[in-house]
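Working notes, beginning with the structure itself.
The values are calculated or read from the model by the stated rules, or taken from the named source; none is laboratory data. No experiment lies behind these values; they were computed from the predicted model shown. Ideal geometry is used to build each Cβ from the backbone, glycine not excepted, and the neighbour counts take in all protein chains shown.
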Amino acid sequence: MSIPALLGPFLAAYTAVLLLYGRLGLVRQRDAGGFVTAGRRLSGWHVFVLVTAMWTSWIYVTELDEGFAVGISAGWFGVAVLVMSLAVAVLFVTPFRRLGFVTNSGLLGDAFGPTARTISAAVIALTFPIFALGNVLAAAALLRALFGWPLWAAEAATLAVMLAYVAFGGLVSLVYTQTVNLVVMLSGMLSVAAFAALHGGLTAAGPAVTWHGVAPWGWTAVGGATILVWLVSDLVNVVSAQVEFQAVTAVERPAVARVAVLWSTAVLALVTVAAAYLGLKTHAADPGASSGVLAFPRLLFAAMPVPVQVLGAASIWAAALTWSAPLLFSGASSLGLDIARPVLGLTTPEAARRLVRWALPLQAAAVLLYTALRPGDLAWWSVFALTVRNAAIFAPTVGLLLWPASDARAAVAAMVSGVAAGLGWNALTAFSPTTFALGINPAWVGTSVSVVVFLAGSIIANRRRTTWHWPRRAYGYVGWAMALLAALTLLVPGAVGARPGWAGLLLLTGAVGLELGVGCCCRLVADGGPTDRIVPREG
């Protein structure tokens, strides 16, 4: 029997199980108030599943492509993701849980007023479908190859499945369905990797000439600058990781979430190595392909047993569902709760649940719209999304956590100016996804401008109510050291900052260090004396 003939019933049964589990989530979570937060009653196992499934899917698909291009050193991408996930759990679970986190935009709205809430919610709703786009397209390409469907129809089918099961029980439904997705994804990934190693040669990487001078088994072959870019970029993404925050703050005690993330990290370390190895083996199977995702079917369908082929193909579709479903749910949460609810003046939990459900199809439609607007250009969509999201979210979120002297008007100005600066910088090179002015990524320009505007505006607004002192915490000294080192490296002629790809990294490092340093040295003098508490601010 042909693979499509086998895979069709398998995917149908798989979809039925997901829909059944989605209904089970509705049974377990009938309280409308817990649709997004699960009533703050998730267990450590639930958090483990949500975090592991989400990051596994991202690492899997991304390292297929990166491993295809640079070999085993693509594993550094997974290392950066692990650092980001751990940072969320170790540094931010407790303060975000104490603040009653539901969405990043809700948090910013509580701190800086309705304008900040609306802007940040619009940014999240605009960009999260873009982050989901790559995995949805990978799944759609697989369905098109197997069944001959048009790409738009394959995309729509994938999106319809995930909407159907997420809309039932919200975050609780995701717990159940992500468990199924994680099992399918890990089974497919590890079985294909094991068979490729045992029957295709453990170290075989394909003809040396096809690697274009890259050492496929070199752990630093991707280059030090790229490794640092991954690490620093993901550290900046920490405070914007709304999807993981929704999982780790939906528990009664933060300690439970931290332990769950530690166990998740152990599994993700295995996934990181396996996915990079699969990318390398995919190159060996089809060195002439343009990407690892496109070459993967060649590795899969070449000489593997039918059960491995079915599991491997299903794992790609599972990766799309696993990554994209929580992203669309999270984007719909911001759209429904932080834009539609204030505009419509609805306050009841039932109304909030309805608004999030109505927002879910809009998020799915955005995925299809982005594909139609600039098809085949995932790289540019990624640049656009990271530029807009980080410029709008990073500086105000760090400010509200670390610096009571931060100002609402400065936060709004930072969001607007950061987004404008980042997109303007990309416009200098005709919105290219790879070529940037002075070699500096627009996302770093937007975030850096946002930080500077936020700091300057807050200092000016509170100049009569602030005091300055030496840092009282270690991160303050670290921040000033980062800022000083980045500035010196950028200004010294012939230093590393002059090399391609390093100037933007140093610019971003300096901006992050500046915010940490200023936030630790500038205190707001309230009526009762100096304070460094996290307090809501008026808009």
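Within region 297-312, the set of residues being at pLDDT 85 or above and buried (at least 16 other Cβ atoms within 10 Å of the Cβ) comprises Val308, Gln309, Val310, Leu311, Gly312. Of everything in region 419-472 that is under 22 Å from Ala483 (Cβ atoms) and assigned to a loop (DSSP other than H, G, I, E, B), the residue that is modelled with the lowest pLDDT is Arg472.
A single member of Ala365, Ala351 is out of contact with any helix residue (DSSP H, G or I) (no Cβ under 8 Å at 6 or more places or on another chain) and assigned to a helix (DSSP H, G or I), and it is Ala365.
Filtered by the rule that a residue be surrounded by fewer than 24 Cβ atoms within 10 Å (Cβ to Cβ) and either more than 26 Å from Thr15 (Cβ to Cβ) or among the hydroxyl-bearing types (Ser, Thr, Tyr) (or both), region 126-144 gives a lone residue, Leu126.
All told, Leu163 meets the bar of being in a helix (DSSP H, G or I) and under 24 Å from Ala319 (Cβ atoms). Consider region 188-226 and keep the residues that are assigned to a helix (DSSP H, G or I), surrounded by fewer than 17 Cβ atoms within 10 Å (Cβ to Cβ) and not aliphatic (A, V, I, L, M). The one that is modelled with the highest pLDDT is Thr210.
For Pro287, the conditions (1) in a helix (DSSP H, G or I); (2) under 30 Å from Ala197 (Cα atoms) all hold with the exception of (1).
Restricting region 413-431 to residues that are surrounded by 24 or more Cβ atoms within 10 Å (Cβ to Cβ) and among the aliphatic types (A, V, I, L, M), the residue that is nearest to the chain's Cα centre (by Cα) is Met415.
Annotation note: of Leu337, Leu262, Leu278, the sole residue that is at pLDDT 90 or above, surrounded by fewer than 16 Cβ atoms within 10 Å (Cβ to Cβ) and part of a helix (DSSP H, G or I) is Leu262.
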